[in-house]
Amino acid sequence: MKHRGVVYDVGLNFNGNGLSVEPFDPALVKHDFGVIANVLHANAVRIEGEVIDRLESAARVAAEYGLTVFFNPWKMGASVEETLGYLKGAAQVAEKLMHQGVDIVFVAGCEYSIFSKGVFSGETFNERVSWFASQYAAGESISDGIPASLQEPNQRLNDILVQFATVIRAEFSGALTYSAGVWEDVDWSIFDWVGVDYYRRGEHEVEYLAGLDRYKAHGTPLAVMEFGCCAYEGAAAPGDGGFTTLLGVNPDGSGFFKDDIVPTRSETEQANYVETQLSLFVDAGVDAAFVFVFSFPCMPIGEGAKDLDMMSFSLVKTYSASDTRSKAVPPWAPKAAYHRVADHYKKLAEAEGSYNRSDPR
């Protein structure tokens, strides 16, 4: 595996109510990337976020630690026209970074069909997801393939992605990819890397690996741009849908859950899932894989129904603002999956002769 990666969030606006990382702390970013490079033994990071200045700042720090940067500007909920202008500015920054020595791949969006406007029906994320779900017959799931009813929307998506690539390539001379959902039938001739968010949702190993053949067939480098699961009992089976058990958050910070059942925290469930997936990707010859996600501070750890961290995909658990430990650097502690990733990436680094034996671990 060429790129042993981790996703790093510098602030996304999922619901229009503010960024997922606030405030943005450059000192913490520097600390985290040191950990990612020297403790987790990653050599690449997918940096995602809306604010381009944050992306630029984080990319420079990542480069200091020798990390390849998959640069992912991501403006959720925007129209095609808004996104085109946004990507143009981001591409100009990426070109500057590349000329300054940053090893960088530009990510031209992520699961655009559901996170933004113009492909699926619906003005909001929830409306688009509801429409998308309605395209599957009873008993069918994403794992069963792409419904015929999505053929026309996927053509619209590819028309949009051509526009994105044209705008980006006019400003940026490096490699280009996209982070696709498995329901998106992307024309990969537009890009230099095939990129897919490839979560496992209870499929048998053989079936899951066979699904990768669809992406490997293009003959260009393949990156699994996201994979992971939440940290509670039963979270592995729904994969990327594990967070939907959390229906919302009460004013006191406690969650309210599906069927009024508070899940049982299990870091082991998450760790087993991540470790198994990494092994499968290596065996399948994937060129890059990015664990989702390093930290997710908007969902802190707590007790019982206030333990929002178990509903996130993060490798570290962030302390809540009421905890004095939240004022430290870092304001988090490792989860079991963090250690599994470190061990797995260390073995891969040793096998390829790139292990840094002077690291603090």
Exercise. How many residues, within the stretch 26-56, are in contact (Cβ under 8 Å) with a residue 60 or more places away in the chain and of a type in the set (D, E, K, R)?
Worked result: 3
Exercise. From Val93, Val21, Val102, Val39, which residue is crowded, with 18+ Cβ neighbours inside 10 Å, within 19 Å of the chain's Cα centre (by Cα), of a type in the set (A, V, I, L, M) and on the phi < 0 side of the Ramachandran plot?
Worked result: Val21
Seminar exercise, completed: Taking the stretch 287-311 and keeping residues surrounded by fewer than 24 Cβ atoms within 10 Å (Cβ to Cβ) and under 16 Å from Met1 (Cβ atoms) leaves Asp287
Exercise. Of the residues in the stretch 244-279, how many are surrounded by fewer than 11 Cβ atoms within 10 Å (Cβ to Cβ), in contact with a Lys or Arg (Cβ under 9 Å, 6 or more places away or on another chain) and either of a type in the set (A, V, I, L, M, F, W, C) or in contact (Cβ under 8 Å) with a residue 60 or more places away in the chain (or both)?
Worked result: 0
Exercise. Of everything in the stretch 158-194 that's β-branched (Val, Ile, Thr) and touching a residue at least 60 places away in the same chain (Cβ under 8 Å), which residue is surrounded by the most Cβ atoms within 10 Å (Cβ to Cβ)?
Worked result: Thr177
For this session: Tell me which residues, restricted to the stretch 154-179, are assigned to a helix (DSSP H, G or I) and among the β-branched types (Val, Ile, Thr).
Result: Ile160, Val162, Thr166, Val167, Ile168
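Residues are listed down the side, and each one gets a yes or a no for (1) free of Cβ contacts under 8 Å to residues at least 60 places away in the same chain; (2) closer than 23 Å to Lys317 by Cβ; (3) touching a Ser or Thr at 6+ places or on another chain (Cβ under 8 Å); (4) surrounded by 17 or more Cβ atoms within 10 Å (Cβ to Cβ):
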site: Val196; (1), (2), (3), (4): yes, no, yes, yes
site: Val206; (1), (2), (3), (4): yes, no, no, no
site: Ala217; (1), (2), (3), (4): yes, no, no, no
site: Glu233; (1), (2), (3), (4): yes, yes, yes, no
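None of the figures in this text is laboratory data; all of them are computed from the coordinates on show. Only a predicted model underlies this, so the values are computations on that prediction, with no experimental measurement involved. Backbone-built Cβ (ideal geometry, glycine too); neighbour counts: all protein chains shown.
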